[in-house]
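Everything below concerns the one structure shown next.
The values are calculated or read from the model by the stated rules, or taken from the named source; none is laboratory data. Bear in mind the structure is a predicted one, so any value in this text is a computation, not a measurement. A quick note on method: Cβ atoms are made from the backbone with ideal geometry, for glycine too, and the neighbour counts reach across all protein chains shown.
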Amino acid sequence: MIFDQSKTRRSDGFRGFRWGRDTAWLATLGAALTAVGAAVAVAADGPRVMATTTMAADIARSVGGDRCEVECLLAPGIDPHSYRATPRDADRLARAGVVVASGLRLEGRLSDLLERLGKKRTPVVSIGEGLPADRLLEAGPGVPDPHVWFDADLWSRAPGVVAERLAALDPAGAEGYRARATERAQRLRQVHDEARRRLATVPGERRVLVTAHDAFRYFGRAYAVEVVGVQGTSTEAEAGLADINRLVDLLVGRRIPAVFVETSVSDRNVAALREGAGARGHAVTLGGRLYSDSLGGPGSGHETLEAALLANVDTIVAGLGGNAASANGGAAR
Ligand SMILES: [Zn+2]
């Protein structure tokens, strides 16, 4: 149940890579910003932001900086596909200055509410809809796959999407929104390169990610990992016995050593896979728990997209027999 510490600790390499030499400087800057933030927190002039998912809140916080107060509707670990809004949620959304959503109907049952809200007086920024359409994958005919965030290069466009909307609503803060978005986009692109390096240490034939639902297709495309989900792109669909059998064939046939579970999705189907493969003489280990449709909660150390992505990468690399530390220039040793 608990995220394997020995694996997550490896993501500490995160602190040491590339911009590591600048951390002392960043720490000073951070302290200065905290001081400034504390001083102006009372007078935050930007709009009050209500984000739907932890991924949207993460981007809204970094772009809004100390100018916007950001709240997140869905707690970490909550599945956005099946979440039903309570009357209190509807009220919180309607009273926000602006709503920042992941979009592309990730917020399955909330989507209609968000659409209605957007038509009234609460502006709704939908990050997914602001990304380049030609880089979206399809979940079905004409239906985009909403799990865009674990392609950090594609997601590096997200801060810009949010910054432009905030700038339009609050022109006095525009310069700050854009500057913070540019900085965040750069960090996301650096993490993208780092994730590629680490995953490249897994031998090609074993670079297969079997998970509970199809949340990792963008991840697979971005980092050259073959991705197979038991449940399709929404957790709302039921996996059939035929799907399970097909996947057991794949695990046994290709001697895939591990399958993975997700923090926001039930483990039932993944357990069925392991049992099926075991019955046919191929032991499959549980590679660990991956962040899929939620980032880490407070204190997890994985509250940002960058940290959650690298935690996933290290879990996958360890489960499939790669060596993240070797891609790190030894920084994690
Ligand atoms: Zn999902």
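Apart from one condition, Leu309 fits all of (1) within 16 Å of the ligand (Cβ to nearest atom); (2) out of contact with any His (no Cβ under 9 Å at 6 or more places or on another chain); (3) part of a helix (DSSP H, G or I); (4) aliphatic (A, V, I, L, M); the exception is (2). Exactly one residue among Ala167, Ala181 is in contact (Cβ under 8 Å) with a residue 60 or more places away in the chain, part of a helix (DSSP H, G or I) and not assigned by TED's automatic domain parsing to the domain that holds His302, and that residue is Ala181. For region 263-303, taking the residues that are in contact (Cβ under 8 Å) with a residue 60 or more places away in the chain, within 16 Å of the ligand (Cβ to nearest atom) and among the charged types (D, E, K, R), the one that is surrounded by the fewest Cβ atoms within 10 Å (Cβ to Cβ) is identified as Arg289.
Across region 188-244, the number of residues qualifying as outside any helix (DSSP H, G or I) and either modelled with pLDDT of 80 or more or not β-branched (Val, Ile, Thr) (or both) comes to 28. Hey, among the residues in region 53-96 that are farther than 12 Å from Glu303 by Cβ and of a type in the set (Lys, Arg), which one's nearest to the ligand (Cβ to nearest atom)? Among them, the one singled out is Arg84. What about Leu106, is it more than 17 Å from Ala222 (Cβ to Cβ) and within 16 Å of the ligand (Cβ to nearest atom)? Taking the combined requirement at face value, the residue satisfies it.
Conditions tested, residue by residue: (1) of a type outside the set (A, V, I, L, M); (2) touching a Pro at 6+ places or on another chain (Cβ under 9 Å); (3) within 18 Å of Met50 (Cβ to Cβ); (4) buried (at least 21 other Cβ atoms within 10 Å of the Cβ).
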site: Asp91; (1), (2), (3), (4): yes, no, yes, no
site: Val98; (1), (2), (3), (4): no, yes, yes, yes
site: Glu107; (1), (2), (3), (4): yes, yes, yes, yes
site: Asp112; (1), (2), (3), (4): yes, no, yes, no
site: Arg121; (1), (2), (3), (4): yes, no, yes, no
site: Arg157; (1), (2), (3), (4): yes, yes, no, no
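Close Cβ contacts (under 6 Å, 6 or more residues apart or on different chains) running from residues in region 210-225 that are within 15 Å of the ligand (Cβ to nearest atom) to residues that are in a helix (DSSP H, G or I) and not small (Gly, Ala, Ser) comprise Ala212/Asn269; Ala212/Val270; Tyr218/Val148; Tyr218/Phe150; Phe219/Phe150.
Yes/no per residue for (1) touching a Leu at 6+ places or on another chain (Cβ under 8 Å); (2) on the phi > 0 side of the Ramachandran plot:
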residue: Asp89; (1), (2): yes, no
residue: Ala96; (1), (2): no, no
residue: Gly103; (1), (2): no, yes
residue: Leu106; (1), (2): no, no
residue: Thr122; (1), (2): yes, no
residue: Gly128; (1), (2): yes, no
residue: Leu131; (1), (2): yes, no
residue: His147; (1), (2): yes, no
residue: Phe150; (1), (2): yes, no
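Residues in region 193-222 that are within 15 Å of Leu309 (Cα to Cα), of a type in the set (D, E, K, R) and surrounded by 20 or more Cβ atoms within 10 Å (Cβ to Cβ): Glu194, Arg198, Arg217.
Note on region 141-164: residues that are touching a residue at least 40 places away in the same chain (Cβ under 8 Å) and either in a helix (DSSP H, G or I) or more than 23 Å from Leu93 (Cβ to Cβ) (or both) amount to 13. In the set (1) crowded, with 18+ Cβ neighbours inside 10 Å; (2) more than 16 Å from the ligand (Cβ to nearest atom); (3) closer than 17 Å to Ala101 by Cβ, Ala167 fails one condition alone, (3). Does Val162 satisfy the condition of being within 26 Å of Glu107 (Cα to Cα), crowded, with 20+ Cβ neighbours inside 10 Å, at pLDDT below 95 and away from the ligand (no atom under 15 Å from the Cβ)? No, not satisfied.
Do any helices (runs of 4 or more DSSP H) entirely within region 47-138 hold 1 or more residues that are free of Cβ contacts under 8 Å to residues at least 12 places away in the same chain, and if so, which? In region 47-138, the matching helices (runs of 4 or more DSSP H) lie at 54-64, 87-95, 111-119.
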